[in-house]
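Undergrad: Quick one: structure below, then a few questions.
The values are calculated or read from the model by the stated rules, or taken from the named source; none is laboratory data. Since the model is a prediction, treat every value here as computed from it, not as a measurement. Surface areas here come from the heavy atoms of the whole protein model, side chains and all, with no ligands, DNA or RNA. Shrake-Rupley method; radii C 1.70, N 1.55, O 1.52, S 1.80 Å.
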Amino acid sequence: MQIEEYLNKNKKVFFEELNKFISFKTISTDSCYSEEMKKCQEYLVGLLQGVGAETSILETKGISAVFGEICSHKEAPTILFYGHYDVQPAHKEEGWEKDPFEVNSKNGKWHARGIADDKGPVFAFIKAVETLQNTSGLKLNTKFLIEGEEEGKSNLGDCIKENASRLKCDCVLVCDTEWLNEETIAIPCGLRGIVYAYIRVNGPNVDLHSGTFGGMVKNPHLELARILVNLKNEKEKILIPGFYDSVKKISAKEKKLLELVPLNIQHLEKEVGTKLTSQDKVELLIKRSVLPTFEIHGITGGYLGPGGKTIIPAYAEAKVSMRLVPDQNPEKIRDLFVSYIKELNPEAIVVVDGLAEPFLVDINNPYIEKAAKILEQTFGKKTVFLREGASIPAVVDLNKELKVPVVLFGINNHDCDIHSPRENLNELNFYKGIEALAKYLEELGK
Ligand code: BES
Ligand code: MN
Ligand code: MN
């Protein structure tokens with residue numbers, strides 16, 4: 001049987017299984033969902049055993065990862081697939097049309113939390129293995145490492161170190177990235193690092209009447225705002241002393257390559273519904289991946305309910321992060337960040353709870369060349385190599401420990417809107433994605 005034929009025959013079953021995988025509310029950062037994490041883990045183990053993998057659970061300091069292996073071709077290369085089964089938080093009232101944990105089919109797109117990040121692609125890879133087993137045969141050794149904590153405090157680093165010999169492979173394959181635009185597939189050749197933090201400014205020990213106390217006590221929101229505006233200015237320069245010291249300058253060669261990248265600024269502005277920070281393509285591309293950033297994710301505290309409530313709030317808090325680029329070191333940036341905030345406001349409380357290193361992929365190897373060729377052939381679109389602005393902490397750990405090429409074989413459409421209530425995966429990207437992955441495994445087994 002041909003790959004396309006097997007896929008066509010199994011469309012319905014695949015969709016039902018994917019729906020089941022999506023239905024587990026695997027929000028790893030919220031302990032309310034620990035039962036869901038366990039149940040999903042069991043389901044995943046079942047999926048892996050379904051393709052004949054020998055499975056085990058790898059314990060970490062936090063939520064455990066699922067490991068599997070099909071190693072029946074001792075002389076053939078070994079590929080290690082990495083993905084994650086945890087998802088970002090999602091609640092219907094945040095703007096979802098339907099239950100976020102049920103696949104909602106609409107105009108050729110499937111909407112659900114985790115459909116693109118990363119359950120859909122993880123599932124696609126498992127089904128690619130199944131497809132190949134039922135067609136031309138799986139002729140290489142396949143390992144699976146699917147973690148449950150990518151979206152939060154990834155504890156996988158130590159686990160990768162402890163299990164390095166079991167994870168041994170010739171290439172790491174990751175399906176957790178997205179394309180550049182409608183016409184262009186992207187194979188990221190870099191990922192940014194990250195420092196994620198929580199800032200809190202305490203005020204009075206209880207909300208106070210702003211008339212009777214206003215003028216006598218400081219307002220924690222103003223104090224927090226003062227910190228935040230001092231982190232980045234209106235020209236978008238990050239003001240932490242020493243922050244840019246080790247940022248690598250973009251080479252003339254890489255800049256030239258960016259000139260060839262297709263990007264329609266007007267189209268993108270329409271899609272996201274806001275103005276971009278530049279009308280110059282190369283400048284935008286540099287800003288989104290070659291330069292570091294500082295962002296605020298949320299500010300809370302005080303009163304925002306109906307009507308007036310004239311108080312001086314008891315506290316104000318914010319969550320922020322900085323994306324890092326080569327050669328910024330996350331520990332060093334964390335220290336610079338914390339001491340700068342202490343300087344701005346000695347009473348502020350700062351908790352840093354996530355660090356990841358930036359990463360550059362060496363694209364000159366046959367694993368990446370073949371990936372690009374097969375993606376182009378299967379989807380009939382061009383591939384570009386481009387640094388990605390986002391982060392995948394485990395990729396850096398895997399590369400450091402295993403010292404093999406990493407292939408970021410993304411199958412998500414560019415408008416997959418991960419982390420948002422519009423998260424979606426094109427039906428076509430899913431089925432063609434399985435096809436491309438199956439053909440890739442077939443090619444590597446030759
Ligand atoms: N899959 C994303 C990373 C990604 C997004 C790669 C878009 C390429 C294109 C991953 O799940 C993610 O969201 N990572 C977090 C890491 C953080 C929580 C440490 C990120 O980048 O914010
Ligand atoms: Mn992801
Ligand atoms: Mn994510």
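Undergrad: Can you give me the three principal axis dimensions of region 145-254 from its C-alpha atoms, in Å, biggest first?
TA: For region 145-254, the Cα spread along each principal axis is 69, 40, 34 Å.
Undergrad: Please report, to two decimal places, log10 I(q)/I(0) for region 233-290 at q = 0.30 Å⁻¹ as given by the Debye formula with identical point scatterers on the Cα atoms and no solvent.
TA: For the requested q values the scattering log ratios are -1.24.
Undergrad: Mind checking which aspartates and glutamates have their Cα closer than 17 Å to the Cα of residue 139? Skip sequence neighbours fewer than 8 apart in that chain.
TA: 54, 69, 75, 130, 170, 435, 442, 443
Undergrad: Is the shape of region 273-392 best called rounded, prolate or oblate, per the rule: a/c under 1.5 gives rounded, else a/b larger than b/c gives prolate, else oblate, with a ≥ b ≥ c the square roots of the Cα gyration tensor eigenvalues?
TA: Values: a/c = 2.94, a/b = 1.89, b/c = 1.56.
Here region 273-392 falls in the prolate category.
Undergrad: Follow-up question, since we're still on this one. At 1.4 Å probe size, with every protein chain present, just tell me what the per residue accessible area of the chain comes to in Å².
TA: Details: 20690 Å² over 446 residues.
That works out to 46 Å² per residue.
Undergrad: Whole Å is fine, so just give me how far the alpha carbon centre of region 393-421 lies from that of region 275-321.
TA: 25
Undergrad: Quick one: in region 49-190, what % of C-alpha pairs are over 18 Å apart? Intermediate values should be presented prior to the final figure.
TA: Working: 6350 of 10011 pairs.
That fraction is 63 percent.
Undergrad: Another question, if that's okay. Using only Cα atoms, find the angle between the long axis of helix 427-444 and the longest principal axis of the chain, and express it within 0 to 90 degrees, rounded to the nearest 10.
TA: 60
Undergrad: Let me ask you something else. Percentage of Cα-Cα pair distances in the chain greater than 30 Å, rounded to whole percent? Can you show the working numbers first?
TA: Values: 47106 of 99235 pairs.
Within the chain, distances greater than 30 Å cover 47 percent of Cα pairs.
Undergrad: Let me have the relative contact order for region 325-446, percent, based on Cα pairs under 8 Å that are six or more residues apart.
TA: Numbers: 76 pairs, mean separation 28.7, N = 122.
So the answer I get is 24 percent.
Undergrad: Still on this structure, I have one more. From the C-alpha gyration tensor of region 85-145, pull out the three semi-axes of the equivalent ellipsoid (sqrt of 5λ each), sorted largest to smallest, in whole Å. Please list the in-between numbers first.
TA: Numbers: eigenvalues 187, 38, 7 Å².
Semi-axes, largest first: 31, 14, 6 Å.
Undergrad: Tilt of helix 220-229 relative to the longest C-alpha principal axis of the chain, in degrees (0 to 90, nearest 10)?
TA: Between the helix axis and the principal axis of the chain, the angle is about 60 degrees.
Undergrad: Antiparallel versus total DSSP beta bridges in the chain: what percent is that, nearest 5? Show your work: numbers first, answer last.
TA: Numbers: 46 of 69 bridges.
If I count the DSSP bridges inside the chain, around 65 percent turn out antiparallel.
Undergrad: Tell me the angle of helix 34-50 to the major Cα principal axis of the chain, expressed in degrees between 0 and 90 and rounded to the nearest ten.
TA: Helix 34-50 sits roughly 20 degrees off the main axis of the chain.
Undergrad: Assuming 0.36 nm per residue, please report the length gained on full extension of the stretch residue 139 to residue 56 beyond their Cα-Cα distance.
TA: Values: separation 83, 0.36 × 83 = 29.88 nm, distance 2.23 nm.
Length difference between fully extended and current span is 27.6 nm.
Undergrad: Between residue 245 and residue 297, what is 0.36 nm times their sequence separation minus the Cα-Cα distance? Round to one decimal in nm. Don't skip to the end; give the middle numbers.
TA: On the way: separation 52, 0.36 × 52 = 18.72 nm, distance 2.50 nm.
Once the chain is fully extended between residue 245 and residue 297, it gains 16.2 nm.
Undergrad: How big is the gap, in Å, between the Cα center of region 72-143 and the Cα center of region 155-228?
TA: With region 72-143 and region 155-228 each reduced to a Cα centre, they are spaced 25 Å.
Undergrad: For the chain, which whole percent of the accessible surface, found with a 1.4 angstrom probe, sits on carbon and sulfur atoms?
TA: 51
Undergrad: Right, next: For region 10-114, treating each Cα as an identical point scatterer without solvent, what Debye log10 I(q)/I(0) comes out at q = 0.15, 0.24 1/Å?
TA: So the normalised log intensities are -0.74, -1.36.
Undergrad: Straight distance only, please: which lysines reach the Cα of residue 161 with their own Cα at less than 27 Å, same-chain residues fewer than 8 apart left out?
TA: 38, 39, 61, 74, 119, 143, 153, 332, 400, 403
Undergrad: What's the percent breakdown of Cα-Cα distances in region 317-446 across 10 Å bins, shortest bin first?
TA: Reading upward from the zero bin: 10, 29, 31, 18, 9, 3, 0.
Undergrad: Over 31 Å between C-alpha atoms is what I'm after, so list which of 382/446; 25/342; 98/382 land there. Don't skip to the answer; put the middle values down first.
TA: Details: 382/446 24 Å; 25/342 38 Å; 98/382 34 Å.
Table pairs above 31 Å Cα-Cα are 25/342; 98/382.
Undergrad: If ligands, DNA and RNA are left out, what is the accessible area of residue 106 with a 1.4 Å probe, given in Å² to the nearest 10?
TA: Number for this one is 80 Å².
Undergrad: I've got another one for you. What does the convex hull of the Cα atoms come to per residue for region 307-365, in Å³?
TA: Dividing the Cα hull volume of region 307-365 by its residue count gives 139 Å³.
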